[in-house]
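Q: I have a structure I would like to understand better, so I am pasting it below and will then ask my questions one at a time.
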Amino acid sequence: MDTLRVQVRRLRVHYPLPAALPWQSGGVVRAVEDVNFDLTAGETLGVVGESGCGKSTLARALVGLQPASGGSIRVLGQEMVGASAARWREQRRHVQFIFQDPLASLDPRMTIGEIVEEPLQALCPELGAGERQSRVLAMLERVGLSAALRNRYPHEFSGGQCQRVGIARALVVSPKVLICDEPVSALDVSVQAQIINLLAALQRETGLAMLFIAHDLAVVRHLAQRVMVMYLGRVMEQAPSEILFAQPRHPYTRALMASVPGAGLVAEPLSGELPSAGSPPPGCVFASRCPLAEDDCLRRVPGLNRTGAGAAVACHFVAGAGIAVPA
Ligand SMILES: Nc1ncnc2c1ncn2[C@@H]1O[C@H](COP(=O)(O)OP(=O)(O)OP(=O)(O)O)[C@@H](O)[C@H]1O
Ligand SMILES: [Mg+2]
């Protein structure tokens, strides 16, 4: 399939934990465990879940900033797990990212023109200075910043404008994949909408494949065609957006949605504590907070099983969850 941009299979990302005492061995934080998805051209996959569920770790692994502990990440057909820094660098032209804190992600000593030009210099050495300049100016205009502002410094801009600079810097090299880690979480609501609309328009124009992380379900609903719900490093539910929001199946998804005011969903609120990621329970990771949990859930990890129409749920109690994913 030539529109397939990213294919992730059984991805694991673990962080070593230091031992409490010198003669003990340390454990691991299973930040991402057994994650599978495909991302195609022009598509947005939303990723949601509570703080600490592994969203940023997943994003960092996809751009090579955090090594995977196992599994496969194929980007434009190339296997990247275990790839050298040089191979990741080659891919950077095709896979770009934007992060949560717009101002902190911009070098305060560089003008915004220099910031947007930098990836062109580093990743597109075939371009001359004149061509680089014209691309920078066109890109600044495209993200809604006048080219006349190119000699200003990041601290002279608002959060929303800084995020526009971040988007310009990411897209100036015409990447095929954009990884967005909470790019609007630090912005106020009206600015959030502007940035989301800008990303959606740029995606329509360029056919970008986007992975879009947010803790705000409304944002994801607006932008993503498919959504992946994560809890303690694992995928609890994965479904086309309209199916997930119309009929959330996993008790965790239901609880997340019930916590959104005005969502109109009556479900058990989340109870209990989020277990430590360093010592996951032996069965279903959600069992300690799940209103449906029975003894079996504490022993057996539920597989992510198809429920039909492209949806899949990891719960022993969801009817129709019969066929393992991926096929
Ligand atoms: N560098 C690190 N070393 C050790 N553990 C880490 C490291 N980075 C993250 N973790 C742990 O991995 C788990 C996942 O963290 P991650 O930052 O990916 O979550 P997140 O879903 O992005 O959270 P948030 O919504 O707060 O941004 C957490 O338990 C976190 O404490
Ligand atoms: Mg994060």
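The values are calculated or read from the model by the stated rules, or taken from the named source; none is laboratory data. Note that the structure is predicted; figures quoted are calculated from it, not measured. All Cβ positions, glycine included, derive from the backbone under ideal geometry; neighbour counts span all protein chains shown. Heavy atoms of the whole protein, side chains included, go into the accessibility calculation; ligands, DNA and RNA do not. Shrake-Rupley method; radii C 1.70, N 1.55, O 1.52, S 1.80 Å.
Q: Could we say that Glu33 is under 30 Å from Glu242 (Cβ atoms), within 16 Å of ligand 1 (Cβ to nearest atom), outside any loop (DSSP other than H, G, I, E, B) and touching a residue at least 60 places away in the same chain (Cβ under 8 Å) here?
A: So Glu33 fits the description; yes.
Q: Here is a follow-up. Residue check: is Ala31 open to solvent by less than 40 Å² (accessible area, probe 1.4 Å), within 16 Å of ligand 2 (Cβ to nearest atom) and more than 19 Å from Pro183 (Cβ to Cβ)?
A: yes
Q: Return only the number of the condition from (1) farther than 17 Å from Val116 by Cβ; (2) modelled with pLDDT of 95 or more; (3) charged (D, E, K, R) that Arg152 does not satisfy.
A: (1)
Q: Same structure, new question: I'd like the residue in the range 34-54 that is small (Gly, Ala, Ser) and within 11 Å of ligand 2 (Cβ to nearest atom) and, out of all such residues, is nearest to Ser174 (Cα to Cα).
A: Ranking the qualifying residues of the range 34-54, first place goes to Gly54.
Q: Next up: Under the condition of being of a type in the set (Val, Ile, Thr) and closer than 25 Å to Pro282 by Cα, which residue from the range 36-61 is nearest to ligand 1 (Cβ to nearest atom)?
A: Looking at residues that are of a type in the set (Val, Ile, Thr) and closer than 25 Å to Pro282 by Cα, I get Thr57.
Q: Which of the numbered conditions does Pro16 fail, given that it passes all the others? Conditions: (1) more than 21 Å from Phe286 (Cβ to Cβ); (2) near ligand 1 (Cβ under 9 Å from one of its atoms); (3) surrounded by 14 or more Cβ atoms within 10 Å (Cβ to Cβ).
A: (3)
Q: Among Arg169, Arg152, which is the only one that is at negative phi and buried (at least 18 other Cβ atoms within 10 Å of the Cβ)?
A: Working: Arg152 fails: buried (at least 18 other Cβ atoms within 10 Å of the Cβ).
After applying the criteria, what remains is Arg169.
Q: Output the residues belonging to the range 55-99 that are open to solvent by 30 Å² or more (accessible area, probe 1.4 Å) and within 16 Å of ligand 2 (Cβ to nearest atom).
A: Ser56, Arg60, Leu65, Gln66, Phe97, Phe99
Q: Could you tell me which numbered condition Pro102 fails, if it satisfies all but one of (1) within 15 Å of ligand 1 (Cβ to nearest atom); (2) open to solvent by less than 50 Å² (accessible area, probe 1.4 Å); (3) outside the structural domain of Val227 (by TED's automatic domain parsing)?
A: (1)
Q: Quick test for you: out of Val136, Val81, Val143, pick the one residue that is under 21 Å from Asp181 (Cα atoms) and not assigned by TED's automatic domain parsing to the domain that holds Pro183.
A: Unique residue meeting the criteria: Val143.
Q: So, one more: Can you find, within the range 194-208, the residue that is farthest from the chain's Cα centre (by Cα) among those that are farther than 14 Å from Val184 by Cβ and open to solvent by 80 Å² or more (accessible area, probe 1.4 Å)?
A: Glu205
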